[in-house]
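A quick write-up on the structure given underneath.
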Amino acid sequence: MKMANSAYMIGIDCGKSGGFAVSYNGIHCEPIPATDGDWVDTLREHRLIASAENLCPIAYVEEVPSFCGKMIPSSRSFVLGKHYGFTLGALQALGYEVRLVRPQAWQKAVGMTRTKGMGQTAWKNKLKGEAQRRFPDLKITLKTSDALLVLAHGLSDMSGKQI
């Protein structure tokens with residue numbers, strides 16, 4: 001394997017309505033596939049591409065909170081936690097280097113702060129707008145915007161420079 005600075009990098013927002021972004025021969029993003037089997041196939045395909053190029057596959061994965069708050073039902077938290085655990089297991093089984101990043105860490109690293117009283121929809125649109133500003137050539141949706149910003153954090157973390 002080459003050193004980590006020659007990495008094949010993926011940024012992942014593990015929510016069921018989340019997405020992933022890949023940095024290799026440019027940057028692209030997609031929503032996470034609808035089924036666990038399709039998600040594993042997608043991660044396997046990216047692992048094979050990295051291996052064929054003798055690159056180190058690194059996944060920056062947004063950590064999920066253990067407590068989501070009073071307004072979020074426990075059933076939703078359970079689904080999020082289940083998908084997060086499944087994703088981490090698949091990444092490790094496929095041989096990715098996994099780097100967990102708290103939402104507050106990647107948001108701070110990309111210069112995003114939530115103002116007091118800002119609703120969830122306004123906050124998500126603000127994040128999407130920042131992803132669109134950073135990656136103007138990509139088709140960015142609410143499903144992929146966080147993953148792109150997680151990836152931007154990973155690229156900055158690896159290079160030591162702001163992306």
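The values are calculated or read from the model by the stated rules, or taken from the named source; none is laboratory data. Predicted model, so just to flag it, every value in this text is computed and none were measured. Here the Cβ positions follow ideal geometry from the backbone for every residue, glycine too, while neighbour counts run over all protein chains shown. With ligands, DNA and RNA removed, areas are computed over all heavy atoms of the protein, side chains included. Shrake-Rupley method; radii C 1.70, N 1.55, O 1.52, S 1.80 Å.
Give the residue, chosen from 99, 114, that is outside any helix (DSSP H, G or I) and in contact with a Gly (Cβ under 8 Å, 6 or more places away or on another chain). Spell out the reasoning first.
Values: 114 fails: in contact with a Gly (Cβ under 8 Å, 6 or more places away or on another chain).
After ruling out the rest, the residue left standing is 99.
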- List the pairs whose first member sits in segment 120-133 and is within 20 Å of residue 27 (Cβ to Cβ), whose second member is open to solvent by 60 Å² or more (accessible area, probe 1.4 Å), and whose Cβ atoms are under 7 Å apart, counting only residues at least 6 apart or on separate chains? 128/142
- With the condition kept exactly as written, say whether any residue in segment 138-157 is touching a strand residue (DSSP E or B) at 6+ places or on another chain (Cβ under 6 Å), surrounded by 19 or more Cβ atoms within 10 Å (Cβ to Cβ) and part of a loop (DSSP other than H, G, I, E, B). no
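Here are 73, 136: which of them is more than 15 Å from the chain's Cα centre (by Cα) and at pLDDT below 90? Before the answer, list the steps.
Details: 136 fails: at pLDDT below 90.
73 is the lone residue from the list that is more than 15 Å from the chain's Cα centre (by Cα) and at pLDDT below 90.
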- Note on the structure: Taking segment 21-51 and keeping residues part of a loop (DSSP other than H, G, I, E, B) and open to solvent by less than 50 Å² (accessible area, probe 1.4 Å) leaves 26, 32, 33
- Query: Which pairs have Cβ atoms under 8 Å, sit 6 or more apart or on different chains, and link a residue in segment 86-109 that is in contact (Cβ under 8 Å) with a residue 40 or more places away in the chain and β-branched (Val, Ile, Thr) to one that is assigned to a loop (DSSP other than H, G, I, E, B) and open to solvent by 40 Å² or more (accessible area, probe 1.4 Å)?
  - Reply: 101/63
